[in-house]
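Novice: Before I ask anything, here is the structure I am working with.
Throughout, read-outs are computed from the coordinates displayed, never taken from laboratory work. As the structure is a computational prediction, the values presented were derived from the model and not from experiment. Here the Cβ positions follow ideal geometry from the backbone for every residue, glycine too, while neighbour counts run over all protein chains shown.
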Amino acid sequence: ETGVTQTPRHLVMGMTNKKSLKCEQHLGHNAMYWYKQSAKKPLELMFVYSLEERVENNSVPSRFSPECPNSSHLFLHLHTLQPEDSALYLCASSRRGPQETQYFGPGTRLLVL
Amino acid sequence: LAKTTQPISMDSYEGQEVNITCSHNNIATNDYITWYQQFPSQGPRFIIQGYKTKVTNEVASLFIPADRKSSTLSLPRVSLSDTAVYYCLLSGGDQGGKLIFGQGTELSVKP
């Protein structure tokens, strides 16, 4: 257990569905992140929230919509996804600073049909 | 953002010491070197972090030469459960919280 939880762990959705991924951290951190990991590929940073403000958006399509209501919770809202969006979606959190270390959740395995 | 380079894969046997070297020629003065471990379908797990010389914890050791242009992760007496992908990253400093994950090193430990 890393102190970062993600739900659901597995999700199957059609291209017309709307779903949300949830992440919660219990570490008192002040930054949260969404990553995407496709099969046999490195992790790709999607969004960064620092002090509940979005500070990074790595050219992610608008069908992915993040939300950070407070420093402990992070959501990723999904709508009209494509099959190529099937991947492992990972949430991480950290305390910003020189020796910043990110702690990752277990991920949500998403399959888009 | 500075990049890191590490071998794509390595093989080892149980009980051996494994050393994975990472090069980071363009490391910035205030960058830290961080290593993560990832098992299939799981999130990466922090292993060790260092700035210079040697750092040791209960899991691994990290050796960093004076010029900091490379680093070596040392895993003592590996077991089958150490089979995973190991990532070397630069963190903090100029990275601004961004972690740039490369391909990592896929370590396979055999009996």
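Novice: Residue check, A:Gly105 against (1) touching a Phe, Trp or Tyr at 6+ places or on another chain (Cβ under 8 Å); (2) of a type outside the set (Phe, Trp, Tyr); (3) surrounded by 15 or more Cβ atoms within 10 Å (Cβ to Cβ), all met but one. Which one?
Specialist: Checking A:Gly105 against (1) touching a Phe, Trp or Tyr at 6+ places or on another chain (Cβ under 8 Å); (2) of a type outside the set (Phe, Trp, Tyr); (3) surrounded by 15 or more Cβ atoms within 10 Å (Cβ to Cβ), the one that fails is (1).
Novice: On to the next question. Taking A:Glu44 as meeting all but one of (1) over 30 Å from B:Ser9 (Cβ atoms); (2) in contact with a Lys or Arg (Cβ under 6 Å, 6 or more places away or on another chain), write down the number of the exception.
Specialist: Failing condition for A:Glu44: (1).
Novice: Going by what's in this entry, would B:Gln42 be described as within 13 Å of A:Thr101 (Cβ to Cβ) and polar (S, T, N, Q)?
Specialist: Numbers: within 13 Å of A:Thr101 (Cβ to Cβ): no; polar (S, T, N, Q): yes.
Criteria not met by B:Gln42.
Novice: Do we have B:Leu90 as crowded, with 19+ Cβ neighbours inside 10 Å and not hydroxyl-bearing (Ser, Thr, Tyr) here?
Specialist: In short, yes.
Novice: Please list, ordered by first then second residue, the pairs with beta carbon atoms under 9 Å, 6 or more apart or interchain, first in the stretch A:83-106 and within 7 Å of chain B (Cβ to nearest Cβ), second basic (Lys, Arg) and not in a strand (DSSP E or B).
Specialist: A:Thr101/A:Arg95; A:Pro106/A:Arg9
Novice: Counting only residues that are closer than 13 Å to B:Ser74 by Cα and under 11 Å from the mean Cα position of the chain (by Cα), how many does the stretch B:14-33 have?
Specialist: Going through the stretch B:14-33 one residue at a time, the tally reaches 4.
Novice: When B:Ser41 is evaluated against the numbered criteria (1) surrounded by fewer than 13 Cβ atoms within 10 Å (Cβ to Cβ); (2) small (Gly, Ala, Ser); (3) in contact (Cβ under 8 Å) with a residue 12 or more places away in the chain, which criterion, by number, is the only one it fails?
Specialist: (3)
Novice: Next question. Enumerate the pairs (first residue in the stretch B:71-83 and surrounded by fewer than 18 Cβ atoms within 10 Å (Cβ to Cβ); second residue anywhere and charged (D, E, K, R) and outside any loop (DSSP other than H, G, I, E, B)) with beta-carbon separation below 9 Å, excluding pairs fewer than 6 apart on the same chain, so at least 6 apart or on different chains.
Specialist: Final answer for the pair search is B:Leu80/B:Lys110; B:Thr83/B:Glu106; B:Thr83/B:Lys110.
Novice: Any residue in the stretch A:61-72 that is in contact (Cβ under 8 Å) with a residue 40 or more places away in the chain and within 12 Å of the chain's Cα centre (by Cα)?
Specialist: Scanning the stretch A:61-72 turns up no residue that is in contact (Cβ under 8 Å) with a residue 40 or more places away in the chain and within 12 Å of the chain's Cα centre (by Cα).
Novice: Would you please name the residue that is nearest to the other protein chains (Cβ to nearest Cβ), looking only at residues in the stretch A:40-60 that are touching a residue at least 12 places away in the same chain (Cβ under 8 Å) and not in a strand (DSSP E or B)?
Specialist: Ranking the qualifying residues of the stretch A:40-60, first place goes to A:Leu43.
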